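Below: one structure, written as structure tokens.
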Amino acid sequence: MRAPKPPIWLPWILGGALLAAVIVAALHHTEQQQIVELMARAQPWWVAAATLLQVFTYVAQAGIYLRVGDAAGFRLSRRDSFGLSVAKLFVDQALPSAGVGTGVFIAKALEQRRMPAPAVKASVLINIASFYLAYVIALIIALAMMLLHGRIHTVVLVTAVISLVFSLLVSLLLLGLSGHDVHHVSERLRRLPLLRGMYHFLAGANPELVRGPRLLVETVLLQLAIVLLDVGTVWTLIAGFGVYAPLGGVFTSFMIASMVRTMGIVPGGLGTFEASSVLTLRLAGVDLPVALSATLLFRGLSFWLPMLPGWWLAHRAVTPGAGSEPEEEGSRSGAVRQETRE
């Protein structure tokens, strides 16, 4: 008999409890007068600027889908690509499975738009591989900054190294095995149902797309742009309270919090991201009330606010006939290229 799966809402309850504990603990160490003064200094225009930066993160994510589609000879509309980028956020939060659930969703959405199967699989793999490669680059820079200023703890360093090794191995695995026949894999590994399905997916991807140097560099740069836009959002929100924060400190804080979120078991790092962000911002010299307020505002803009439109767009993206039709020229071009490869 199989063990029963935990309810889907259990991680959300755990994350909500962690978040509440973070807020209560922070408020316990904050004077009421400090909160009042902080709210009086808040400037709405900075929040509007932070919101705009978050919109640009979806534009950058949409650019990844557009670049892969162009490389495959398939024209994905800008409206569809932007909608997919917003929907991807919802799926990332609702199905925290190291990118697997998001990959399945993106594959179904692109199939609905009649993108050729090898290009669909390549698009999913490039998105995951470029994310992990950008994550490795950004985390290495953050660790270098922390080592330079002598602000790194042994536990953080060990955790970061483990995270870096894992991310690099995932990227190399996806890039190295894409387009190769599953029979080249060890027979012992092929017996595992989960890995067997993954290898079949990898084998069906277009290797010219997945391992194309120019496309890979462009997608990694777009992923890095998303990281910088998120960091800029946090910095802007802090500035909105009339407080200057060193950009390098905000960058390292965000990367450590992102590392904790990625390795967590709760959806979107709920509670764990907030705790690590507040703590690391405090270590960077930001006052506790500002660190808590900026973190909660950032999570409101990047996590909670897009959830409802993300749910609607995710449902629409995989509903048969709901997606917009690709341009005829692009669709025909993709079909011709696919026939040529075969």
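The values are calculated or read from the model by the stated rules, or taken from the named source; none is laboratory data. Keep in mind that what you see is a predicted model, and the values were worked out from it rather than measured. Virtual Cβ from ideal backbone geometry, glycine too; neighbours counted across all protein chains shown.
I'd like to check something: does the stretch 103-111 contain any residue that is more than 12 Å from the chain's Cα centre (by Cα), surrounded by 24 or more Cβ atoms within 10 Å (Cβ to Cβ), more than 27 Å from G269 (Cβ to Cβ) and among the charged types (D, E, K, R)? Looking through the stretch 103-111, none of the residues is more than 12 Å from the chain's Cα centre (by Cα), surrounded by 24 or more Cβ atoms within 10 Å (Cβ to Cβ), more than 27 Å from G269 (Cβ to Cβ) and among the charged types (D, E, K, R). Regarding S123, is this residue part of a helix (DSSP H, G or I), surrounded by fewer than 23 Cβ atoms within 10 Å (Cβ to Cβ) and hydroxyl-bearing (S, T, Y)? Taking the combined requirement at face value, the residue does not satisfy it.
Does L143 satisfy the condition of being out of contact with any helix residue (DSSP H, G or I) (no Cβ under 7 Å at 6 or more places or on another chain) and part of a helix (DSSP H, G or I)? It is false that L143 is out of contact with any helix residue (DSSP H, G or I) (no Cβ under 7 Å at 6 or more places or on another chain) and part of a helix (DSSP H, G or I). Please work out if L172 is modelled with pLDDT of 80 or more and either among the hydrophobic types (A, V, I, L, M, F, W, C) or closer than 21 Å to L125 by Cα (or both). Yes; evaluated as a whole, the condition is true for this residue.
Of the helices (runs of 4 or more DSSP H) lying entirely inside the stretch 181-261, the ones with 2 or more residues being of a type outside the set (F, W, Y) and modelled with pLDDT under 85 are found at 187-190, 193-203, 207-210.
Just wondering, is there one or more residues in the stretch 77-91 that are crowded, with 17+ Cβ neighbours inside 10 Å, assigned to a loop (DSSP other than H, G, I, E, B) and at pLDDT 80 or above? Can you show your working first?
Start the filter on the stretch 77-91 by keeping residues that are crowded, with 17+ Cβ neighbours inside 10 Å, which leaves 77, 80-91.
With assigned to a loop (DSSP other than H, G, I, E, B) added as a condition, the list becomes 77.
This time we only want the ones that are at pLDDT 80 or above, so: 77.
Looking through the stretch 77-91, at least one residue is crowded, with 17+ Cβ neighbours inside 10 Å, assigned to a loop (DSSP other than H, G, I, E, B) and at pLDDT 80 or above.
Filtering the stretch 96-119 to residues that are modelled with pLDDT of 80 or more and either within 17 Å of L175 (Cβ to Cβ) or of a type in the set (D, E) (or both) leaves E111, P118, A119. Only one of the listed residues (L133, L143, L147, L164) is of a type in the set (A, V, I, L, M, F, W, C) and buried (at least 23 other Cβ atoms within 10 Å of the Cβ). That residue is L133. Any residue in the stretch 40-55 that is part of a loop (DSSP other than H, G, I, E, B), at pLDDT 75 or above and of a type in the set (S, T, N, Q)? Among the residues of the stretch 40-55, at least one is part of a loop (DSSP other than H, G, I, E, B), at pLDDT 75 or above and of a type in the set (S, T, N, Q), which makes the answer yes.
May I ask you to list the residues in the stretch 263-318 that are outside any helix (DSSP H, G or I) and either among the aliphatic types (A, V, I, L, M) or touching a Gly at 6+ places or on another chain (Cβ under 8 Å) (or both)? Reasoning before the result, please.
Residues of the stretch 263-318 outside any helix (DSSP H, G or I): 264-266, 270-271, 284-287, 305-306, 318.
Matches in the stretch 263-318: I265, V266, L270, G271, A284, G285, V286, L305, V318.
Is at least one residue of the stretch 60-74 at pLDDT below 85 and surrounded by fewer than 19 Cβ atoms within 10 Å (Cβ to Cβ)? Checked against the condition, which is being at pLDDT below 85 and surrounded by fewer than 19 Cβ atoms within 10 Å (Cβ to Cβ), the stretch 60-74 yields no hits at all.
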